[in-house]
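Every number here is computed from the coordinates shown, using simple stated rules; none is lab data. Predicted, not measured: the structure shown is a model, and the values here were computed from it. Every residue, glycine as well, gets a Cβ built from its backbone with ideal geometry; the counts of neighbours run over all protein chains shown.
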Amino acid sequence: MAKKTQATWGGRFAEGPAALMLKFSESASFDRRLAPFDVAGSKAHSSMLAHVGLITAGECRAIHAGLDAILRDIEAGRFVWDDRLEDVHMNIEHALTRRVPAASKLHTARSRNDQVATDMRLFIKHACAVLGAKVQSVQKALLGAARRNRDVLIPGYTHLQRAQPVSAAHHLFAWLEMLERDRARLAEVSQKANECPLGSGAIAGTTLRIDREYVAKALGFVDSRGRPRVTQNSMDAVADRDVFIEFAAACALLGVHFSRIAEDLILWSSAEFKFVALPDAFCTGSSLMPQKRNPDSCELLRGKSARLQGNLHTLLALVKGLPMTYNRDLQEDKPPVFDSFDQSAICAEVLEATVKGMSFNRDRCAIAVADPALLATDLADYLVARGVPFRMAHYAVGAVVALAERKGCSIPALKTEEVRRLHAGFGPDWAKVFDLKRALAMRRGTGMPGPAQVARQFARWKKLLG
Ligand code: ARG
């Protein structure tokens with residue numbers, strides 16, 4: 001038997017890898033977090049090997065017990081990781097071999113190529129579930145803030161210019177919609193990950209009679225009726241990284257949503273707006289300017305979204321020029337996937353805590369939303385209701401706004417004769433339009449910010465979020 005230069009694949013080598021090569025190529029330092037999934041995969045695989053008679057039931061039991069003990073060691077921080085064993089898969093297999101003689105049969109009909117694809121799909125399914133729950137917690141915090149400020153009205157903005165009045169709840173509900181799509185996207189990614197690659201081997205499956213469906217079932221790769229789902233092409237199964245990319249894309253978009261929410265909060269907490277106060281615990285001071293209270297949690301949410309986009313791009317670039325099928329380049333897929341998960345998760349936690357500690361400044365919101373110009377569109381609608389074509393109404397109200405501006409007064413302070421001179425459609429009741437309550441009550445259609453609709457949305461979100 002040849003001298004062992006490398007425990008797992010050293011048979012055809014005269015010399016082991018250089019220390020520099022080991023340092024360069026090891027992935028155990030980052031893929032060790034796949035250990036729980038790798039152990040689950042190996043347990044399912046060995047159960048299948050026993051099921052089809054390639055190992056005995058006793059060997060299978062010994063392998064399971066050994067894997068359980070190794071996972072306990074890993075979780076307790078007792079496991080000694082060895083760079084020379086490259087990755088999580090070989091570290092675990094090697095440790096198992098030292099404990100259990102039957103471990104040398106574990107890799108029967110398996111390659112690290114289908115093994116790592118399986119581990120990562122299990123990881124992504126787990127990550128989608130965890131992130132989905134965290135996003136839901138953010139939504140619940142937002143719903144809570146909407147409830148506490150049910151009666152607060154604020155200007156809505158387009159082009160960052162005051163546009164029309166909305167309730168603060170309506171604005172927060174817009175964020176809920178964005179995050180609801182993120183949750184749905186994560187659930188879809190989880191479904192895409194829900195196909196078992198094991199049994200694809202290195203590239204072309206195996207000559208041994210294995211039962212792929214058995215493994216898939218054991219690992220929970222099943223449809224809603226419990227039927228096993230397995231990948232359908234052994235070459236694609238070891239080369240495919242689509243679901244990794246889709247996961248990173250879902251995180252990148254979630255990050256963009258977090259960033260847009262954060263940006264609103266940054267603006268709202270500035271002295272210029274002062275609609276909200278963010279919690280001390282999520283702001284920081286300046287090392288120079290004693291008066292400063294900076295919205296750092298929100299700024300970092302904005303910053304992290306760049307990083308999440310970078311991870312997506314790394315994965316896209318990684319796969320772009322690769323020939324079929326597995327290439328070692330693919331080992332570099334893990335850091336961006338893990339980072340997207342970790343950063344999205346902590347972003348969700350920070351946003352939830354920031355929102356929970358945020359309070360609306362009712363006086364400032366009331367002053368801002370009292371700007372009558374916010375109801376200029378309503379005045380045009382008033383003319384339309386009296387038979388004036390919208391384009392003419394728009395023009396006439398524009399002239400009314402300009403007149404008020406020239407006179408340095410608010411729009412409703414203009415005299416009825418003055419506005420009638422600009423358009424005969426204005427009746428004696430024209431200034432009644434400038435009643436916020438009435439203006440909002442008139443916004444009755446689905447998705448509008450009127451109180452009846454907002455009440456409906458409160459009920460809908462309560463039902464959706466539990
Ligand atoms: N650590 C490797 C990775 O993450 C596992 C697969 C290795 N396969 C191989 N043929 N060297 O991609």
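Data overview
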| item | result |
| --- | --- |
| Per-residue Cβ neighbour rank within 10 angstrom, fewest leading, T446, T284 | T446, T284 |
| Once the Cα gyration tensor of the range 1-158 is diagonalised, semi-axes √(5λ) in Å | 44, 21, 13 |
| Whole-Hz couplings from phi, Karplus 6.51/-1.76/1.60, listed for the range 283-293; x for Gly and Pro | 10, 10, x, 9, 6, 10, 9, x, 7, 6, 9 |
| Integer Hz, Karplus 6.51/-1.76/1.60 couplings in order for the range 423-435, x for Gly and Pro | 7, 5, x, 5, x, x, 8, 4, 6, 4, 4, 7, 10 |
| For the chain, projected area of the alpha-carbon convex hull averaged over all directions, nm² | 30.9 nm² |
| 5 angstrom amide H check on V230, placed H, neighbours 5+ away | C196 |
| Largest to smallest principal axis extent of the C-alpha atoms in the range 298-350, angstrom | 42, 14, 10 |
| Kirkwood Rh (inverse of mean 1/r, distinct Cα pairs), the range 288-381, angstrom | 17.9 Å |
| Virtual spin-label span in nm between A385 and A65, 7 Å along Cα→Cβ | 8.2 nm |
| Least to most buried among F221, F30 (fewest other Cβ within 10 Å first) | F30, F221 |
| Rounded to the nearest 20 debye, dipole of the chain from Cβ charges on Lys, Arg, Asp, Glu | 1220 debye |
| Per-residue [θ]222 nm for the chain (sum of -39500 (n - 2.57) over DSSP H runs n ≥ 4, rounded to 500) | -19500 deg cm²/dmol |
